[in-house]
1. Would you be able to tell me the number of residues in segment 1-40 that are under 26 Å from P78 (Cα atoms) and either in contact with a helix residue (DSSP H, G or I) (Cβ under 8 Å, 6 or more places away or on another chain) or among the basic types (K, R) (or both)?
2. So, L129, is that one away from ligand 2 (no atom under 16 Å from the Cβ) and assigned to a loop (DSSP other than H, G, I, E, B) or not?
3. What number of residues within segment 154-174 satisfy the criterion of being at positive phi and touching a strand residue (DSSP E or B) at 6+ places or on another chain (Cβ under 8 Å)?
4. When both residues are 6+ apart or on different chains and their Cβ atoms are under 9 Å apart, which pairs have a first residue that lies in segment 209-223 and is over 12 Å from F280 (Cβ atoms), and a second that is among the aromatic types (F, W, Y) and surrounded by 20 or more Cβ atoms within 10 Å (Cβ to Cβ)?
5. Only one of T344, T362, T331, T301 is of a type in the set (V, I, T) and in contact with a Gly (Cβ under 6 Å, 6 or more places away or on another chain). Can you tell me which?
6. Can you spot a residue in segment 173-182 that is open to solvent by less than 20 Å² (accessible area, probe 1.4 Å), within 27 Å of R262 (Cβ to Cβ) and in contact with a helix residue (DSSP H, G or I) (Cβ under 8 Å, 6 or more places away or on another chain)?
7. With respect to Y187, is the statement that it is away from ligand 1 (no atom under 16 Å from the Cβ), without any contact (Cβ under 8 Å) to a residue 60 or more places away in the chain and buried (at least 19 other Cβ atoms within 10 Å of the Cβ) true?
8. In segment 219-263, what count of residues is obtained for those that are among the polar types (S, T, N, Q) and open to solvent by 40 Å² or more (accessible area, probe 1.4 Å)?
Amino acid sequence: MTSSSIASVRARRIWDSRGRPTVEAEVTLGDGTSGRGIAPAGASRGSNEAIDRRDGGPRLGGYDVQEALGSVRDVIAPALEGWDAVDQQGVDERLIALDGTPTKAKLGGNAIVAVSLATLHAAAAHRNLPLWRHLAQDNPVTLPLPEIQIFGGGAHAGRRIDIQDLMVMVPGARSFAQALEITAEVYLAAGRLMAERGALQGVADEGGWWPAFASNEEALEMLVRAIEGAGFTPGEEVAISLDIAASEFGKGGRYTLGLDRRALDSDGLCELLLGWCDRFPILSIEDPLAEDDAEGLARFTRAVGSRIQVIGDDFLVTDGARVDRAAREDTVNAVLVKVNQAGTVSEAAAALEAGKAAGFGTIVSARSGETEDVAIVHMAVGWNARQLKVGSFSRSERMAKWNEGLRIEEALGDNMFAGLTGFPASTGHRAG
Ligand code: PGA
Ligand code: ZN
(Lines give C-alpha, C1' and ligand atoms only; values in the text may rest on other atoms or scores of the structure.)
(Ligands and ions follow the chains in the order given, each with its own letter.)
Protein backbone atom coordinates (compact mmCIF):
# COMPACT_ATOMS: atom_id res chain seq x y z
CA MET A 1 0.00 0.00 0.00
CA THR A 2 1.40 3.42 -1.03
CA SER A 3 0.47 6.75 0.50
CA SER A 4 -2.03 7.53 -2.28
CA SER A 5 -3.71 4.13 -2.37
CA ILE A 6 -7.28 3.84 -1.17
CA ALA A 7 -7.51 2.57 2.40
CA SER A 8 -11.28 2.81 2.82
CA VAL A 9 -14.47 3.89 1.06
CA ARG A 10 -17.52 4.78 3.12
CA ALA A 11 -20.93 6.12 2.18
CA ARG A 12 -23.61 7.93 4.11
CA ARG A 13 -27.06 9.26 3.36
CA ILE A 14 -27.29 13.04 3.27
CA TRP A 15 -30.02 15.38 1.94
CA ASP A 16 -30.21 17.50 -1.19
CA SER A 17 -31.70 20.93 -1.90
CA ARG A 18 -35.16 19.42 -2.47
CA GLY A 19 -35.00 17.65 0.90
CA ARG A 20 -34.50 14.29 -0.79
CA PRO A 21 -31.94 11.67 0.23
CA THR A 22 -28.70 11.44 -1.70
CA VAL A 23 -25.36 9.61 -1.46
CA GLU A 24 -22.18 11.06 0.00
CA ALA A 25 -19.03 8.94 -0.33
CA GLU A 26 -15.81 9.38 1.63
CA VAL A 27 -12.53 7.98 0.38
CA THR A 28 -9.56 7.80 2.76
CA LEU A 29 -6.01 7.14 1.53
CA GLY A 30 -3.01 5.40 2.99
CA ASP A 31 -1.50 8.72 4.16
CA GLY A 32 -4.70 9.61 6.03
CA THR A 33 -5.90 12.26 3.58
CA SER A 34 -9.51 11.95 2.48
CA GLY A 35 -12.09 13.37 0.09
CA ARG A 36 -15.88 13.50 -0.04
CA GLY A 37 -18.10 13.37 -3.10
CA ILE A 38 -21.86 13.95 -3.31
CA ALA A 39 -24.31 12.77 -5.97
CA PRO A 40 -26.55 15.58 -7.26
CA ALA A 41 -29.97 14.76 -8.78
CA GLY A 42 -31.80 15.90 -11.89
CA ALA A 43 -35.54 16.40 -12.36
CA SER A 44 -35.58 16.82 -16.14
CA ARG A 45 -33.32 13.95 -17.04
CA GLY A 46 -32.31 12.71 -20.45
CA SER A 47 -33.43 9.14 -21.09
CA ASN A 48 -29.86 8.01 -21.73
CA GLU A 49 -28.31 9.27 -18.50
CA ALA A 50 -26.72 7.09 -15.85
CA ILE A 51 -29.58 5.83 -13.68
CA ASP A 52 -29.67 6.52 -9.94
CA ARG A 53 -30.57 3.69 -7.62
CA ARG A 54 -33.54 4.62 -5.44
CA ASP A 55 -35.36 2.32 -3.04
CA GLY A 56 -38.91 3.04 -4.25
CA GLY A 57 -41.89 2.25 -2.03
CA PRO A 58 -43.88 4.65 0.14
CA ARG A 59 -41.09 5.95 2.40
CA LEU A 60 -39.54 9.33 1.51
CA GLY A 61 -41.42 9.40 -1.76
CA GLY A 62 -39.48 6.36 -2.93
CA TYR A 63 -36.30 8.47 -3.09
CA ASP A 64 -34.31 6.79 -0.33
CA VAL A 65 -30.85 5.49 -1.25
CA GLN A 66 -30.24 2.59 1.15
CA GLU A 67 -29.63 0.22 -1.77
CA ALA A 68 -27.11 2.62 -3.34
CA LEU A 69 -25.34 2.88 0.05
CA GLY A 70 -25.28 -0.92 0.05
CA SER A 71 -23.61 -0.87 -3.38
CA VAL A 72 -20.78 1.22 -1.94
CA ARG A 73 -20.46 -0.81 1.25
CA ASP A 74 -20.72 -4.32 -0.20
CA VAL A 75 -19.36 -4.07 -3.74
CA ILE A 76 -17.39 -0.88 -4.39
CA ALA A 77 -15.44 -0.49 -1.13
CA PRO A 78 -13.88 -3.97 -1.10
CA ALA A 79 -13.01 -3.73 -4.81
CA LEU A 80 -11.27 -0.34 -4.57
CA GLU A 81 -9.14 -0.97 -1.51
CA GLY A 82 -5.46 -0.67 -2.43
CA TRP A 83 -6.22 1.15 -5.70
CA ASP A 84 -4.22 4.32 -6.45
CA ALA A 85 -6.55 7.34 -6.04
CA VAL A 86 -4.36 9.51 -8.28
CA ASP A 87 -5.18 7.12 -11.14
CA GLN A 88 -8.71 8.51 -11.64
CA GLN A 89 -9.13 6.78 -14.99
CA GLY A 90 -8.21 3.41 -13.48
CA VAL A 91 -10.62 3.86 -10.56
CA ASP A 92 -13.43 4.93 -12.90
CA GLU A 93 -12.84 2.00 -15.23
CA ARG A 94 -13.00 -0.31 -12.23
CA LEU A 95 -16.32 1.26 -11.17
CA ILE A 96 -17.73 0.85 -14.66
CA ALA A 97 -16.64 -2.80 -14.79
CA LEU A 98 -18.05 -3.55 -11.34
CA ASP A 99 -21.45 -2.27 -12.46
CA GLY A 100 -21.32 -3.87 -15.89
CA THR A 101 -24.48 -2.23 -17.29
CA PRO A 102 -24.51 0.59 -19.89
CA THR A 103 -26.65 2.79 -17.61
CA LYS A 104 -24.93 2.04 -14.27
CA ALA A 105 -28.33 0.89 -13.05
CA LYS A 106 -27.01 -2.10 -11.13
CA LEU A 107 -24.89 -0.34 -8.52
CA GLY A 108 -26.57 3.00 -9.19
CA GLY A 109 -25.26 6.10 -10.94
CA ASN A 110 -25.61 7.93 -7.60
CA ALA A 111 -23.35 5.42 -5.79
CA ILE A 112 -20.78 5.41 -8.59
CA VAL A 113 -20.57 9.17 -9.12
CA ALA A 114 -20.23 9.86 -5.39
CA VAL A 115 -17.26 7.47 -5.16
CA SER A 116 -15.69 8.78 -8.37
CA LEU A 117 -15.92 12.36 -7.06
CA ALA A 118 -14.68 11.39 -3.59
CA THR A 119 -11.64 9.74 -5.19
CA LEU A 120 -10.94 12.93 -7.13
CA HIS A 121 -11.14 15.04 -3.95
CA ALA A 122 -8.92 12.60 -2.07
CA ALA A 123 -6.27 12.72 -4.82
CA ALA A 124 -6.28 16.53 -4.75
CA ALA A 125 -5.96 16.47 -0.96
CA HIS A 126 -3.11 13.96 -1.21
CA ARG A 127 -1.27 16.30 -3.58
CA ASN A 128 -2.14 19.20 -1.27
CA LEU A 129 -3.68 21.15 -4.15
CA PRO A 130 -6.99 22.94 -4.58
CA LEU A 131 -9.22 20.78 -6.77
CA TRP A 132 -9.09 23.12 -9.76
CA ARG A 133 -5.30 23.07 -9.74
CA HIS A 134 -5.20 19.28 -9.38
CA LEU A 135 -7.46 19.00 -12.44
CA ALA A 136 -5.61 21.60 -14.50
CA GLN A 137 -2.22 19.92 -14.12
CA ASP A 138 -0.10 22.50 -15.94
CA ASN A 139 -2.70 23.48 -18.55
CA PRO A 140 -4.08 27.02 -18.86
CA VAL A 141 -7.24 27.85 -16.90
CA THR A 142 -9.89 30.59 -17.04
CA LEU A 143 -12.79 31.76 -14.91
CA PRO A 144 -15.91 30.58 -16.74
CA LEU A 145 -18.64 32.80 -18.15
CA PRO A 146 -21.63 32.25 -15.83
CA GLU A 147 -25.08 31.48 -17.18
CA ILE A 148 -27.48 32.49 -14.40
CA GLN A 149 -31.20 31.81 -14.08
CA ILE A 150 -33.59 34.69 -13.37
CA PHE A 151 -36.91 32.82 -13.75
CA GLY A 152 -37.32 29.07 -13.23
CA GLY A 153 -39.90 27.02 -15.13
CA GLY A 154 -40.71 23.64 -16.59
CA ALA A 155 -40.12 20.65 -14.33
CA HIS A 156 -38.51 22.96 -11.75
CA ALA A 157 -41.68 24.99 -11.23
CA GLY A 158 -44.56 22.52 -11.42
CA ARG A 159 -44.68 23.18 -15.20
CA ARG A 160 -46.15 26.60 -14.51
CA ILE A 161 -44.52 27.69 -17.80
CA ASP A 162 -43.02 25.43 -20.47
CA ILE A 163 -39.57 27.03 -20.81
CA GLN A 164 -37.37 25.57 -18.07
CA ASP A 165 -34.68 28.22 -17.57
CA LEU A 166 -34.76 31.91 -18.42
CA MET A 167 -31.17 33.00 -17.81
CA VAL A 168 -28.77 35.85 -18.44
CA MET A 169 -25.13 36.01 -19.51
CA VAL A 170 -22.80 38.99 -19.15
CA PRO A 171 -20.19 38.33 -21.82
CA GLY A 172 -18.76 41.85 -21.71
CA ALA A 173 -17.95 41.72 -18.00
CA ARG A 174 -14.32 42.29 -17.12
CA SER A 175 -14.29 39.57 -14.49
CA PHE A 176 -16.29 36.72 -12.99
CA ALA A 177 -16.96 39.00 -10.01
CA GLN A 178 -18.37 41.74 -12.22
CA ALA A 179 -20.55 39.25 -14.12
CA LEU A 180 -22.05 38.21 -10.77
CA GLU A 181 -22.62 41.80 -9.66
CA ILE A 182 -24.43 42.70 -12.88
CA THR A 183 -26.52 39.54 -12.66
CA ALA A 184 -27.40 40.36 -9.05
CA GLU A 185 -28.83 43.71 -10.22
CA VAL A 186 -30.93 41.94 -12.87
CA TYR A 187 -32.15 39.30 -10.39
CA LEU A 188 -33.17 41.98 -7.87
CA ALA A 189 -34.85 44.07 -10.59
CA ALA A 190 -36.83 41.02 -11.73
CA GLY A 191 -38.04 40.45 -8.17
CA ARG A 192 -39.08 44.11 -7.85
CA LEU A 193 -41.02 43.97 -11.12
CA MET A 194 -42.80 40.78 -10.07
CA ALA A 195 -43.68 42.35 -6.71
CA GLU A 196 -45.06 45.48 -8.41
CA ARG A 197 -47.49 43.41 -10.43
CA GLY A 198 -48.48 41.31 -7.40
CA ALA A 199 -46.88 38.23 -8.96
CA LEU A 200 -44.08 37.55 -6.49
CA GLN A 201 -44.65 33.95 -5.42
CA GLY A 202 -41.28 32.76 -4.15
CA VAL A 203 -38.70 30.84 -6.11
CA ALA A 204 -38.47 27.64 -8.17
CA ASP A 205 -36.14 24.64 -7.60
CA GLU A 206 -32.96 26.39 -8.73
CA GLY A 207 -33.74 29.70 -7.03
CA GLY A 208 -35.15 31.65 -10.01
CA TRP A 209 -38.31 33.68 -9.38
CA TRP A 210 -41.50 31.64 -9.59
CA PRO A 211 -42.85 32.05 -13.16
CA ALA A 212 -46.31 33.55 -12.58
CA PHE A 213 -46.86 34.40 -16.25
CA ALA A 214 -49.79 34.10 -18.65
CA SER A 215 -47.63 32.96 -21.58
CA ASN A 216 -44.08 31.84 -22.33
CA GLU A 217 -43.48 35.06 -24.26
CA GLU A 218 -44.60 37.16 -21.31
CA ALA A 219 -41.76 35.54 -19.36
CA LEU A 220 -39.29 36.57 -22.06
CA GLU A 221 -40.68 40.12 -22.11
CA MET A 222 -40.34 40.33 -18.34
CA LEU A 223 -36.73 39.20 -18.56
CA VAL A 224 -35.96 42.00 -21.02
CA ARG A 225 -37.69 44.49 -18.70
CA ALA A 226 -35.65 43.23 -15.76
CA ILE A 227 -32.39 43.77 -17.69
CA GLU A 228 -33.54 47.29 -18.59
CA GLY A 229 -34.84 47.89 -15.07
CA ALA A 230 -31.36 47.11 -13.74
CA GLY A 231 -29.97 49.79 -16.03
CA PHE A 232 -28.44 47.61 -18.74
CA THR A 233 -28.96 47.37 -22.49
CA PRO A 234 -30.41 43.98 -23.46
CA GLY A 235 -28.22 42.26 -26.02
CA GLU A 236 -25.29 44.56 -25.44
CA GLU A 237 -24.32 44.35 -21.80
CA VAL A 238 -26.62 41.53 -20.79
CA ALA A 239 -27.87 38.78 -23.09
CA ILE A 240 -30.51 36.09 -22.70
CA SER A 241 -29.86 32.37 -22.48
CA LEU A 242 -32.69 29.82 -22.51
CA ASP A 243 -32.98 26.17 -21.62
CA ILE A 244 -36.12 25.01 -23.43
CA ALA A 245 -35.70 21.41 -22.11
CA ALA A 246 -38.03 20.38 -24.96
CA SER A 247 -37.82 16.66 -24.12
CA GLU A 248 -40.08 17.50 -21.17
CA PHE A 249 -42.99 18.47 -23.44
CA GLY A 250 -42.22 16.73 -26.72
CA LYS A 251 -41.70 13.24 -28.10
CA GLY A 252 -41.88 11.69 -31.56
CA GLY A 253 -41.95 15.10 -33.21
CA ARG A 254 -45.07 16.31 -31.32
CA TYR A 255 -44.76 19.14 -28.83
CA THR A 256 -47.41 20.42 -26.43
CA LEU A 257 -46.95 23.86 -24.91
CA GLY A 258 -49.28 23.56 -21.93
CA LEU A 259 -49.25 27.24 -20.99
CA ASP A 260 -49.89 28.53 -24.51
CA ARG A 261 -52.39 25.68 -25.17
CA ARG A 262 -50.64 24.90 -28.44
CA ALA A 263 -49.68 21.62 -30.09
CA LEU A 264 -46.80 21.93 -32.53
CA ASP A 265 -44.81 19.63 -34.77
CA SER A 266 -41.02 19.87 -34.96
CA ASP A 267 -41.12 22.55 -37.67
CA GLY A 268 -43.68 24.52 -35.70
CA LEU A 269 -41.58 24.59 -32.54
CA CYS A 270 -38.51 25.43 -34.61
CA GLU A 271 -40.32 28.40 -36.15
CA LEU A 272 -41.62 29.62 -32.82
CA LEU A 273 -38.10 29.54 -31.35
CA LEU A 274 -36.56 31.20 -34.43
CA GLY A 275 -39.11 33.98 -33.99
CA TRP A 276 -37.99 34.40 -30.37
CA CYS A 277 -34.35 34.49 -31.50
CA ASP A 278 -35.24 37.34 -33.87
CA ARG A 279 -37.24 39.35 -31.34
CA PHE A 280 -35.25 38.80 -28.16
CA PRO A 281 -31.50 39.19 -27.55
CA ILE A 282 -30.85 35.45 -27.20
CA LEU A 283 -27.21 34.36 -27.20
CA SER A 284 -27.57 30.72 -26.19
CA ILE A 285 -30.34 28.12 -26.27
CA GLU A 286 -30.31 24.62 -24.76
CA ASP A 287 -32.31 21.56 -25.87
CA PRO A 288 -34.52 23.62 -28.24
CA LEU A 289 -36.00 20.37 -29.53
CA ALA A 290 -36.40 16.99 -27.86
CA GLU A 291 -33.66 14.41 -27.35
CA ASP A 292 -35.25 12.16 -30.02
CA ASP A 293 -35.50 14.94 -32.63
CA ALA A 294 -31.99 15.05 -34.14
CA GLU A 295 -33.37 16.30 -37.46
CA GLY A 296 -35.19 19.17 -35.79
CA LEU A 297 -32.05 20.08 -33.87
CA ALA A 298 -29.98 20.06 -37.06
CA ARG A 299 -32.55 22.28 -38.78
CA PHE A 300 -32.56 24.71 -35.88
CA THR A 301 -28.76 24.79 -35.61
CA ARG A 302 -28.43 25.36 -39.34
CA ALA A 303 -30.71 28.38 -38.98
CA VAL A 304 -29.02 30.02 -35.97
CA GLY A 305 -25.74 28.21 -35.36
CA SER A 306 -23.60 30.90 -36.93
CA ARG A 307 -24.62 33.41 -34.25
CA ILE A 308 -26.24 31.52 -31.36
CA GLN A 309 -24.89 28.76 -29.14
CA VAL A 310 -27.11 25.65 -29.35
CA ILE A 311 -26.46 23.36 -26.37
CA GLY A 312 -27.18 19.66 -26.16
CA ASP A 313 -28.08 18.52 -22.65
CA ASP A 314 -30.67 15.70 -22.72
CA PHE A 315 -29.55 15.15 -26.32
CA LEU A 316 -25.87 14.49 -25.49
CA VAL A 317 -26.11 13.29 -21.86
CA THR A 318 -22.39 14.02 -21.27
CA ASP A 319 -21.37 11.19 -23.60
CA GLY A 320 -18.21 11.63 -25.71
CA ALA A 321 -19.46 9.33 -28.47
CA ARG A 322 -22.68 11.32 -28.78
CA VAL A 323 -20.68 14.55 -28.89
CA ASP A 324 -18.52 13.16 -31.73
CA ARG A 325 -21.64 12.21 -33.64
CA ALA A 326 -23.28 15.60 -33.06
CA ALA A 327 -20.15 17.26 -34.44
CA ARG A 328 -20.31 15.10 -37.58
CA GLU A 329 -24.02 15.77 -38.09
CA ASP A 330 -24.08 19.43 -36.97
CA THR A 331 -27.05 18.84 -34.70
CA VAL A 332 -25.84 21.22 -31.95
CA ASN A 333 -22.71 23.32 -31.39
CA ALA A 334 -22.19 23.07 -27.62
CA VAL A 335 -22.16 20.40 -24.93
CA LEU A 336 -23.46 20.61 -21.37
CA VAL A 337 -21.33 18.57 -18.97
CA LYS A 338 -23.01 17.06 -15.91
CA VAL A 339 -20.78 14.56 -14.15
CA ASN A 340 -23.67 12.46 -12.85
CA GLN A 341 -25.18 12.18 -16.33
CA ALA A 342 -22.07 10.25 -17.35
CA GLY A 343 -21.59 8.63 -13.93
CA THR A 344 -17.84 9.07 -13.52
CA VAL A 345 -15.38 11.98 -13.54
CA SER A 346 -13.33 10.44 -16.38
CA GLU A 347 -16.32 9.97 -18.69
CA ALA A 348 -17.46 13.55 -18.06
CA ALA A 349 -13.95 14.83 -18.81
CA ALA A 350 -13.93 12.80 -22.04
CA ALA A 351 -17.25 14.33 -23.16
CA LEU A 352 -15.86 17.79 -22.50
CA GLU A 353 -12.66 17.05 -24.43
CA ALA A 354 -14.74 15.73 -27.33
CA GLY A 355 -16.62 19.03 -27.28
CA LYS A 356 -13.41 21.06 -27.32
CA ALA A 357 -12.01 18.97 -30.18
CA ALA A 358 -15.17 19.68 -32.19
CA GLY A 359 -14.96 23.44 -31.62
CA PHE A 360 -18.09 23.24 -29.46
CA GLY A 361 -19.00 25.51 -26.61
CA THR A 362 -18.41 23.64 -23.33
CA ILE A 363 -20.50 24.29 -20.22
CA VAL A 364 -20.08 22.55 -16.87
CA SER A 365 -23.49 22.34 -15.21
CA ALA A 366 -25.12 21.67 -11.84
CA ARG A 367 -28.39 19.73 -11.45
CA SER A 368 -31.69 20.99 -10.10
CA GLY A 369 -31.14 18.84 -7.00
CA GLU A 370 -27.88 20.11 -5.47
CA THR A 371 -26.03 20.45 -2.17
CA GLU A 372 -23.35 22.63 -0.62
CA ASP A 373 -20.82 20.76 -2.81
CA VAL A 374 -18.82 23.20 -4.97
CA ALA A 375 -16.78 20.68 -6.99
CA ILE A 376 -18.32 21.66 -10.34
CA VAL A 377 -16.85 25.16 -10.09
CA HIS A 378 -13.38 23.65 -9.73
CA MET A 379 -14.09 21.39 -12.71
CA ALA A 380 -15.17 24.30 -14.90
CA VAL A 381 -11.94 26.15 -14.02
CA GLY A 382 -9.56 23.18 -13.95
CA TRP A 383 -10.87 21.69 -17.19
CA ASN A 384 -10.98 25.14 -18.78
CA ALA A 385 -14.61 24.69 -19.75
CA ARG A 386 -15.12 28.48 -19.99
CA GLN A 387 -18.85 28.39 -19.18
CA LEU A 388 -20.66 27.47 -15.98
CA LYS A 389 -24.36 26.86 -15.29
CA VAL A 390 -25.38 26.58 -11.67
CA GLY A 391 -29.01 27.77 -11.50
CA SER A 392 -30.11 31.10 -10.10
CA PHE A 393 -28.80 33.78 -7.78
CA SER A 394 -30.43 32.67 -4.52
CA ARG A 395 -30.56 29.53 -2.34
CA SER A 396 -27.27 28.59 -0.77
CA GLU A 397 -26.71 25.42 -2.79
CA ARG A 398 -26.37 27.83 -5.75
CA MET A 399 -24.65 30.74 -4.00
CA ALA A 400 -22.00 28.41 -2.49
CA LYS A 401 -20.87 27.72 -6.05
CA TRP A 402 -20.85 31.34 -7.25
CA ASN A 403 -18.99 32.32 -4.08
CA GLU A 404 -16.40 29.59 -4.66
CA GLY A 405 -15.81 31.05 -8.13
CA LEU A 406 -15.01 34.40 -6.47
CA ARG A 407 -12.42 32.75 -4.23
CA ILE A 408 -10.80 31.00 -7.18
CA GLU A 409 -10.76 34.23 -9.17
CA GLU A 410 -9.00 35.93 -6.28
CA ALA A 411 -6.40 33.14 -6.17
CA LEU A 412 -5.85 33.27 -9.93
CA GLY A 413 -5.58 37.04 -10.22
CA ASP A 414 -7.21 39.43 -12.71
CA ASN A 415 -7.65 39.03 -16.44
CA MET A 416 -8.52 35.35 -16.34
CA PHE A 417 -12.22 35.75 -17.22
CA ALA A 418 -13.23 33.68 -20.22
CA GLY A 419 -16.01 35.97 -21.50
CA LEU A 420 -17.14 34.58 -24.85
CA THR A 421 -13.84 32.84 -25.67
CA GLY A 422 -15.43 29.45 -24.99
CA PHE A 423 -18.34 29.98 -27.35
CA PRO A 424 -18.70 27.62 -30.32
CA ALA A 425 -16.15 28.31 -33.05
CA SER A 426 -19.04 28.49 -35.55
CA THR A 427 -20.56 31.55 -33.85
CA GLY A 428 -17.56 33.75 -34.53
CA HIS A 429 -17.78 35.10 -30.94
CA ARG A 430 -14.52 33.49 -30.00
CA ALA A 431 -11.91 36.03 -30.94
CA GLY A 432 -10.05 37.27 -27.90
P1 PGA B 1 -32.16 18.74 -14.13
O2 PGA B 1 -32.15 19.76 -15.34
O3 PGA B 1 -33.44 19.01 -13.40
O4 PGA B 1 -32.24 17.38 -14.79
O5 PGA B 1 -30.96 18.92 -13.31
C6 PGA B 1 -31.29 20.82 -15.50
C7 PGA B 1 -31.16 21.13 -16.96
O8 PGA B 1 -32.01 20.73 -17.77
O9 PGA B 1 -30.19 21.77 -17.39
ZN1 ZN C 1 -31.03 21.38 -19.70
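The values are calculated or read from the model by the stated rules, or taken from the named source; none is laboratory data. Because the structure is predicted, anything quoted here is derived from the model rather than measured. Cβ: placed from backbone, ideal geometry, glycine included. Neighbour counts: every protein chain shown. Areas reflect the complete protein model, heavy atoms only, side chains present, ligands, DNA and RNA absent. Shrake-Rupley method; radii C 1.70, N 1.55, O 1.52, S 1.80 Å.
1. Counting residues in segment 1-40 that are under 26 Å from P78 (Cα atoms) and either in contact with a helix residue (DSSP H, G or I) (Cβ under 8 Å, 6 or more places away or on another chain) or among the basic types (K, R) (or both) gives 27.
2. So L129 passes the test.
3. Counting residues in segment 154-174 that are at positive phi and touching a strand residue (DSSP E or B) at 6+ places or on another chain (Cβ under 8 Å) gives 1.
4. Note: pairs meeting the criteria are W209/F151; W209/Y187; W210/F151; P211/F151; F213/F151.
5. T362
6. no
7. Answer is no for this residue.
8. 2
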